[in-house]
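What follows draws every value from the coordinates through simple rules; no lab data is involved. This one's a predicted model, so the numbers in the text were calculated from it and none came from an experiment. Backbone-built Cβ (ideal geometry, glycine too); neighbour counts: all protein chains shown.
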Amino acid sequence: MTEPTQGRKEAAERDRILEHSYDGIQEYDNPMPQWWVVTFWLTIVFSVFYYLNPFNTGVGSGMKAEYDADMVAFRAAHPANSGGGNARELLAVVARKSEVAEGKKIYAGKCAACHAADGGGMIGPNLTDNAWIHGGTIDSIYATVNNGVLAKGMPAWGKLLKDDEMQEVVAYVWTLRGSTPAKPKAAEGVVAAQ
Amino acid sequence: MTVAAVAAHPSAVTPLDAFSYDDDIVRKFMVACVAWGAIGMLIGVLIALQLANPAFNLGLEYTSFGRLRPLHTNAVIFAFGGNAFFTGCYYSTQRLLKARMYSDALSKIHFWGWQLIILAAALTLPLGFTQAKEYAELEWPIDIAITVIWVVFAVNFIGTLIKRRERHLYVALWFYLASIITVALLHIFNNLAIPAGLFKSYSIYAGVQDAFMQWWYGHNAVAFFLTTPFLGLMYYFMPKAAEGPVFSYRLSILHFWSLVFMYIWAGPHHLHYTSLPEWASTLGMVFSVMLWAPSWGGMINGLLTLRGSWHKVVNDPVLKFFVIGITAYGMSTFEGPMLSIKSVNGLAHYSDWIIAHVHTGALGWNGFITFGMIYWLLPRLFQAPLYSKKLAELHFWIGTFGIILYVVAIYSAGVTQGLMWRAFDETGRLMYPDFIETVVRLLPMYWVRVVGGSLYVVGVFMLAWNIFMTWRARPAVYTEQMVFAAPLAKRWSEPVIPKPTGEGLIGWVRAMRYHRKWEAMPVLFSVMVTIAVAIASLFEIIPTFLIKSNVPTIASVKPYTPLELYGRDVYIKEGCFNCHSQQIRPLRYETERYGEYSKPGESVYDHPFLWGSKRNGPDLAREGGKYPNLWHVTHFNNPRDIVTGSLMPAYPHFAKTPIPWADIQTRVGVMAMLGVPYGNAVTNAVSMAKKQAQDVATDIEKNGGPVGLQDMEIVAIVAYVQRLGQDIKLANAAPPVAARATTTPAVAQSARRMLP
């Protein structure tokens, strides 16, 4: 087998030193490594192709179109929950101690910052009295928690909590009624029918 | 040695000039480099501690994360990196050109001027004077000083080029030249602003355009302050330390020009998925991808210069530092193009991944090249043997170990958080809807970073000790080595360069010998570099500014009220943008978490833009109206009262610091000068602001909050935060009913109605 011409030529070029010298520093006239040259040109070819985007095979349909398509597919796969709570089902949860205890934990993490740890109210209204701004039945409380009161800074927790967590935390809030908080906020809203 | 080399030169028949090199200035820059480096890195350790435990904010407004983070970045980039560049540049330029610096006086002005600028930064940043642009935080008087000192440096450098005794410019000098020219352009055009006080100004650009200019600057600060200067240093000190020729002259030509031309386009990759027009961010991405090979050209030329000398690495700490430094350069310049790919960027942007990427480059490349260079210089500058080679070896190992701990921990943190942000459960809800869940998960990694970073700083103190002890062994008087070299002849023509035989045109192009002629013409060379960087800049800047459709306006977006504008200035002063973005990307997990994605028309009055680049806390683009005023008052006073585990510093001083009412009129006036339609507010900003402040304070009081806040900064920043993202809601919905008068969004709206 004979050595390819290319190889011989490269061997001849290898480590040929250039005549100049700067403060004693010299330079070889070595050819650039093949793989480097290939990488250099390939990235350029890729970039031109990607930017020109023939038949949407480069950059694609654009970030907004992609986002819209993603949202449509996602909404179809995950229909929004009904937003309503079933009163009978919720009252059944209230009766189950372990679930109320779970609800208490969620309350401590998400609600206590505004409604106080004991439900006495602070940034948000008092949850221990009989007065309710957005309805005092258990299903209307569920609706308030689920949809939030965005104008007043109450988030829509239905987007953040799972269905069972929603039920647990609403059940816990229901049990707060009639308790005696340390620093109760003055009653707001309409007194609920007993 | 130099004398002998000159004597052998054919031109030795002409009379030789006798001169000496100015090494005193090199010693000065070197000491400044290490001193500022140690300070900047210690501040880095402090802010790393703050992210692990907010108690390290020390309860002072001056030492909170938002104010110290810019101090850390400015100190390590411009004080450590800058002085390192000047150290190596002043040493090598004189020797490569066989000429003393053009003017010793200019050298001294450059040195002292630069150190004073750093001192000014160290004082003003903790005081909260900032332009809110990353790595360009310094306020306008300091910016002017930087410009002047940079021009002094440029004149000194170019003057030395003119009186050089070496006909051709070596590759290191090409890199220095490109750095000097481009940094000047970047600095001037990004910092254009109108002053609104001694240490307060507003960027002349707003929103999308300001973001574009900032990242054109920001990315190229990395390119022309941390990459090209250090490549220049590598090209001088690597072959010196390895005592062997550079691997490939042709490679240095191709990678130099492609690097200089391509880098400048890449900035918009910092703005993927933002309101920046997509054509620009796509351009930023493809040019970043194309930068991979040019960057690696430098790595190859550095590492392959060691061919046949690898055995020396075992015994030489200098070469060890260079090998790891160049390897880190290779790693981060592979990672950079990868991060610029949109889908990768979607995961990494706003996360710690970027911080890890930056520190591979900064600790590995900039740090280790600097340390290697200093160890090589020490015996030469102090004319005494290095105090302890063992200590230098130890510095190398402890530094390397520190880098590994740092980057492994922070890469893990970044990827963890990025994945948590985008995780959905089977019901289609965000798996981690509370932002804080994605923060507390990172704490162990943050502690590892503290350890890694501290080890690295310990290494720097070892270096400082080595410098000190070597300096102590210096001679009573430094010997000034006389150098003899012939001046350049006035008339001269480049010898005809023989074409490589039998290879035709392609061979001639490939051999690149024609480039040699340009190396003897520094003026032409500078012009070519300027053209290369200017073309790229103009190709992106002109359309961004001129095409109206790039920023579709939204009719309901109105200027901030005077009080909100002041609140925004408080937000800027505290550096809130260091941890909170205001830019929601059109990605499902972003809009589910934060709300509708950000539109270009929303930030048309944002001088400067405050989109942010990192989320240590959640995005705030839709924060307005999300919580009641009292929530914010309580939260600012101590975030942990509301969010358990929050890392945010407490801002109790907001409720105690009075609003300087008189300043508000000036600031509104400057905004109006910049074209913000302020209408009536131009004359009665103060009374408008006072009225809105009273409304906010009354609302806080009515809900059981603290009393008498109407003159305090807290109402201004609350008013600002409550305004964020409100205007676009008006574009989407019918005007809200008046019954909401007690809520803050309504307060903001009523105040806004006073505007035209």
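Between the Cα long axis of helix B:522-546 and the first principal axis of chain B there is an angle of about 20°, rounded to the nearest 10. Per residue of peptide B:623-632, the mean number of Cβ atoms on other chains within 10 Å of the residue Cβ is 4.
Return the ratio Rg/(2.2 N^0.38 Å) for region B:562-753, where Rg is computed over Cα atoms only.
Relative to the 2.2 N^0.38 Å estimate, region B:562-753 comes out at 0.99.
Whats the longest run of chain B with zero trypsin sites (Lys or Arg not before Pro) that are DSSP loop and have at most 11 other Cβ atoms within 10 Å?
Values: sites that count: B:LYS490, B:ARG491, B:LYS656.
Result for the longest clean stretch: B:1-489.
Neighbour counts of C-beta atoms inside 10 Å place B:ILE506, B:ILE700 in the sequence B:ILE506, B:ILE700, starting with the fewest.
Per residue of chain A, the DSSP helices (runs of n ≥ 4 H) give a summed -39500 (n - 2.57) that works out to -14000 deg cm²/dmol at 222 nm. Distance from the C-alpha centroid of region B:584-617 to that of region B:12-52: 40 Å, rounded to the whole angstrom.
In a shell of Cβ-Cβ distance under 10 Å around B:LEU125, excluding B:LEU125 itself, what net charge do Lys and Arg (+1) and Asp and Glu (-1) give? Around B:LEU125, the surrounding residues sum to 0.
Placing unit charges on each Cβ (+1 for Lys and Arg, -1 for Asp and Glu) gives the protein assembly as shown a dipole about its Cα centre, and among B:ASN83, B:ALA520, B:TYR566 the Cα reaching farthest toward its positive end belongs to B:ALA520.
Based on DSSP H segments of at least four residues, each scored -39500 (n - 2.57), chain B has a per-residue ellipticity at 222 nm of -19500 deg cm²/dmol. Of the residues B:LEU610, B:MET338, B:LEU630, the one whose Cα sits farthest toward the positive end of the charge dipole of the protein assembly as shown, with +1 on the Cβ of Lys and Arg and -1 on the Cβ of Asp and Glu, is B:MET338.
Based on alpha-carbon atoms only, what is the radius of gyration of region B:374-425 relative to the globular estimate 2.2 N^0.38 Å?
Normalised Rg, Cα atoms only: 2.03.
Rounded to the nearest 0.05, what FRET efficiency do A:SER179 and A:ALA92 give with R0 = 30 Å and r taken as the Cβ-Cβ distance? Could you check? After rounding to 0.05, the efficiency reads 0.90. Charge dipole of the protein assembly as shown (Cα centre as origin; +1 on each Lys and Arg Cβ, -1 on each Asp and Glu Cβ, all else neutral): 1120 debye, rounded to the nearest 20. Identify all lysines with a Cα-Cα distance to A:LYS162 below 22 Å; exclude those on the same chain that are fewer than 8 residues away in sequence. Answer for A:LYS162, where 22 Å is the Cα cut-off: A:LYS97, A:LYS104, A:LYS105, A:LYS110, B:LYS626, listed by chain and number.
Check cross-link reach from B:LYS108 to the lysines: straight Cα distance under 16 Å, and skip same-chain residues fewer than eight apart. Leaving aside lysines fewer than 8 places away in the same chain, those within reach of B:LYS108 are B:LYS28. Taken about its Cα centre, chain B carries a charge dipole of roughly 1520 debye when the Cβ of each Lys and Arg holds +1 and the Cβ of each Asp and Glu holds -1. Since only B:ALA38, B:VAL152, B:GLY453 are under comparison, the one whose Cα sits farthest along the positive direction of the charge dipole of the protein assembly as shown, derived from C-beta charges on Lys, Arg, Asp and Glu, is B:VAL152. With 5 Å bins beginning at zero, the pair-distance distribution over Cα atoms of region B:159-314 amounts to 2, 8, 15, 16, 16, 13, 10, 8, 6, 4, 2, 0, 0 %.
Enumerate the lysines that B:LYS656 could reach by cross-link, defined here as Cα to Cα under 21 Å, with residues fewer than 8 away along the same chain left out. The reachable lysines, counting only those whose Cα sits under 21 Å from B:LYS656, are B:LYS573, B:LYS690, B:LYS691, B:LYS702.
Distance between the pseudo-spin-label points of A:LYS64 and B:ALA476 (7 Å out from Cα toward the beta carbon): 7.9 nm. Judged by the ratio a/c of the largest to the smallest principal axis of the C-alpha gyration tensor, region B:140-186 counts as oblate, that ratio being 1.5 or greater while a/b is no larger than b/c.
Suppose every K and R has +1 on its Cβ and every D and E has -1 on its Cβ; what is the size of the dipole of chain A about the Cα centre, in Debye to the nearest 20?
Magnitude of the dipole: close to 1160 debye.
Between 0 and 90 degrees, rounded to the nearest ten: what's the tilt of helix B:249-263 against the longest Cα principal axis of chain B? Value to nearest ten degrees: 20.
Ellipsoid semi-axes for the protein assembly as shown, based on the Cα gyration tensor and the rule √(5λ), read 58, 29, 27 Å when sorted largest first. Can you tell me the orientation of helix B:24-52 relative to chain B, as the angle in degrees between its alpha-carbon axis and the longest Cα principal axis, to the nearest 10? On a 0 to 90 degree scale, this one is about 30.
Taking R0 as 56 Å, what FRET efficiency do you get between B:MET528 and A:ALA186 from their Cβ-Cβ distance, rounded to the nearest 0.05? Given R0 = 56 Å and the Cβ-Cβ separation, E is 0.15. Mean-square fluctuation check for chain A, GNM, Cα pairs under 10 Å: which of A:GLN167, A:GLN26, A:GLN34 is largest? Largest GNM mean-square fluctuation: A:GLN26. From zero outward in steps of 5 Å, how is the percent of C-alpha pairs of region B:454-571 spread across the bins? Over region B:454-571, the share of Cα pairs per 5 Å bin runs 2, 6, 6, 6, 7, 7, 7, 9, 12, 11, 9, 7, 6, 4, 1, 0 percent.
Compute the Cα gyration tensor for region A:87-191, then decide on rounded, prolate or oblate, letting a ≥ b ≥ c be the square roots of its eigenvalues: rounded whenever a/c is under 1.5, prolate when a/b is larger than b/c in the other cases, and oblate in all that remain. It is rounded, given that a/c, with a ≥ b ≥ c, falls under 1.5.
When the Kirkwood radius is taken over all Cα pairs of region B:613-652, what Stokes-Einstein diffusion coefficient follows at 20 °C and 1.002 mPa s, in µm²/s?
196
Kirkwood's formula applied to the C-alpha pairs of region B:26-122 gives a hydrodynamic radius of 14.6 angstrom. Legend: Rg and Dmax of region A:5-77, from Cα coordinates, 24.1, 72 Å. Close amide-amide hydrogen proximity is noted between B:ILE204 and B:ALA193, B:ILE194, each under 5 Å apart and 5 or more residues distant or on a separate chain (H modeled in the peptide plane; Pro and chain starts excluded). Pairs of Cα atoms nearer than 8 Å and 6+ residues apart set the relative contact order; for chain B it is 16 percent.
Let me make sure I get this right: for chain B, a, b and c are the square roots of the gyration tensor eigenvalues over alpha carbons, sorted descending. Under 1.5 in a/c it's rounded, otherwise prolate if a/b > b/c, else oblate. Which is it? Judged from the Cα gyration tensor, chain B comes out prolate (a/c at least 1.5, a/b above b/c). For B:TYR170, the amide hydrogen comes within under 5 Å of no other amide hydrogen, counting only partners 5 or more places away or on other chains and with H modelled in the peptide plane.
If you take the Cα centroid of region B:66-102 and the Cα centroid of region B:287-304, the two points sit 23 Å apart.
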